[in-house]
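Student: Dropping the structure in here first, questions after.
The values are calculated or read from the model by the stated rules, or taken from the named source; none is laboratory data. Everything numeric in this text was worked out from a predicted model, so none of it was measured. Cβ coordinates were reconstructed from backbone atoms using ideal geometry, including for glycine residues, and neighbour counts include every protein chain displayed. The protein model used for the area step is the full one, side chains on, heavy atoms only, and it has no ligands, DNA or RNA in it. Shrake-Rupley method; radii C 1.70, N 1.55, O 1.52, S 1.80 Å.
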Amino acid sequence: MQEWLTQMLAAAHQNLTEEAEGFILGRGLPSAYASQMGIGLWAPGTTPAPDETFRKVHGTSGQYRTGWLSIPLWSPRGKALGVVFRRWDGEKEMRDYRIPQTAWIPVFEGMTEQAFQKIWDGGDVWLVEGVFDMALAHIVPDKDVVLSCGTARLSRNQLNFLHRFMSPKATVHVAFDEDETGRKQVLGYQDPQGKRVLGVLERLQRVGLRCHDVRYTGGKDPGEIWESGGARLLRTRFRIGGRDAR
């Protein structure tokens, strides 16, 4: 399945139109990130997907996702782990697929070989929720990496990855959404049974990672702020210097 998916993602990247690329960049994802990630427009092939789960949900070779954006999910070493399908025709709809090995392999949107090299070299990591919240990459230092967790959560696999590969001198900047869900996940909360659920900051601290709760104003998330005023407004709201990554 991994080989089939790799070939299909490469073909989708070749299918990316100027209009679709304009949509991606307009939502804030830096062009360098979009290129390294290999975002494309999905087109079904002639060879069926080897995985029955994929075939049932997305069609024999993905025909149910024809024309959708395909956002590849890569391992730190550049192996295909899955794909996020996203409509871009005005309808808000997403579907995804992950190979079975992701049960024990960490998955981040935005992880590429280039991103992993920056982490290996000691760069900070900025965690956001959604792929277009990676607009934050326009203003963080060039040595740093912005990764999307996919939701307002940090999985055990993701935590283990950061613990294993980040420099002791590097910092994890948690820039989740400024809404109730985002804040609860960052700081922790009590579940309906009264049990304390650790927040992302506490979990990072418990494994010895330096971390920073990133607060901002002017929008629910970095992507929303980008759409309101681009990199200049992001810098104002996040009070971060640096150069555009575009």
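Every residue, every condition in (1) open to solvent by less than 60 Å² (accessible area, probe 1.4 Å); (2) of a type in the set (Ser, Thr, Tyr); (3) closer than 25 Å to Ile24 by Cα, yes or no:
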position: Leu147; (1), (2), (3): yes, no, yes
position: Ala152; (1), (2), (3): yes, no, yes
position: Phe161; (1), (2), (3): yes, no, no
position: Pro168; (1), (2), (3): no, no, no
position: Asp179; (1), (2), (3): yes, no, yes
position: Gln185; (1), (2), (3): yes, no, no
position: Gly188; (1), (2), (3): yes, no, no
position: Leu198; (1), (2), (3): yes, no, no
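Student: If you check Gly22, Gly45, Gly67, which single one turns out to be in contact with a Leu (Cβ under 8 Å, 6 or more places away or on another chain) and free of Cβ contacts under 8 Å to residues at least 40 places away in the same chain?
Tutor: Exactly one of Gly22, Gly45, Gly67 is in contact with a Leu (Cβ under 8 Å, 6 or more places away or on another chain) and free of Cβ contacts under 8 Å to residues at least 40 places away in the same chain, namely Gly67.
Student: I'm trying to understand the selection: among the residues of segment 145-160, which are within 15 Å of the chain's Cα centre (by Cα) and farther than 13 Å from Thr102 by Cα?
Tutor: Result: Val145, Val146, Leu147, Ser148, Cys149, Gly150, Thr151, Ala152, Arg153, Leu154, Leu159.
Student: When segment 96-126 is examined, which residues are found to be more than 24 Å from Ala32 (Cα to Cα), open to solvent by 80 Å² or more (accessible area, probe 1.4 Å) and part of a loop (DSSP other than H, G, I, E, B)?
Tutor: Correct list: Trp104 only.
Student: Could we say that Phe176 is under 19 Å from the mean Cα position of the chain (by Cα) and farther than 18 Å from Leu136 by Cβ here?
Tutor: No; evaluated as a whole, the condition is false for this residue.
Student: Also, quick follow-up: Checking Arg164 against (1) in contact (Cβ under 8 Å) with a residue 12 or more places away in the chain; (2) over 18 Å from the mean Cα position of the chain (by Cα), which single condition isn't satisfied?
Tutor: (1)
Student: Given the condition more than 17 Å from Leu73 (Cα to Cα) and in contact with a strand residue (DSSP E or B) (Cβ under 6 Å, 6 or more places away or on another chain), answer yes or no: does some residue in segment 42-52 qualify?
Tutor: No, there is no match, as no residue in segment 42-52 is more than 17 Å from Leu73 (Cα to Cα) and in contact with a strand residue (DSSP E or B) (Cβ under 6 Å, 6 or more places away or on another chain).
Student: Among the residues of segment 70-95, count how many are over 14 Å from the mean Cα position of the chain (by Cα) and within 16 Å of Gly130 (Cβ to Cβ).
Tutor: 5
Student: A further question on this structure: Can you find even one residue in segment 38-56 that is of a type outside the set (D, E, K, R), in contact with a Gly (Cβ under 9 Å, 6 or more places away or on another chain) and either exposed (fewer than 15 other Cβ atoms within 10 Å of the Cβ) or modelled with pLDDT under 95 (or both)?
Tutor: Within segment 38-56, one or more residues are of a type outside the set (D, E, K, R), in contact with a Gly (Cβ under 9 Å, 6 or more places away or on another chain) and either exposed (fewer than 15 other Cβ atoms within 10 Å of the Cβ) or modelled with pLDDT under 95 (or both).
Student: Considering every residue within segment 233-242, establish whether at least one is without any contact (Cβ under 8 Å) to a residue 60 or more places away in the chain, in contact with a helix residue (DSSP H, G or I) (Cβ under 9 Å, 6 or more places away or on another chain), open to solvent by 60 Å² or more (accessible area, probe 1.4 Å) and assigned to a helix (DSSP H, G or I).
Tutor: Yes, some residue in segment 233-242 is without any contact (Cβ under 8 Å) to a residue 60 or more places away in the chain, in contact with a helix residue (DSSP H, G or I) (Cβ under 9 Å, 6 or more places away or on another chain), open to solvent by 60 Å² or more (accessible area, probe 1.4 Å) and assigned to a helix (DSSP H, G or I).
Student: A follow-up question, please. Could you please tell me which pairs satisfy a Cβ distance under 7 Å, a separation of 6+ or placement on different chains, a first residue in segment 145-159 that is closer than 21 Å to Ala34 by Cβ, and a second residue that is outside any loop (DSSP other than H, G, I, E, B) and β-branched (Val, Ile, Thr)?
Tutor: That search, which allows pairs on different chains as well, returns Val145/Ile119; Val145/Val125; Val146/Val128; Leu147/Val125; Ser148/Val128; Ser148/Val131.
Student: Inside segment 146-196, can you point out the residues that are hydrophobic (A, V, I, L, M, F, W, C), closer than 22 Å to Glu227 by Cβ and not in a loop (DSSP other than H, G, I, E, B)?
Tutor: Correct list: Val146, Leu147, Val174.
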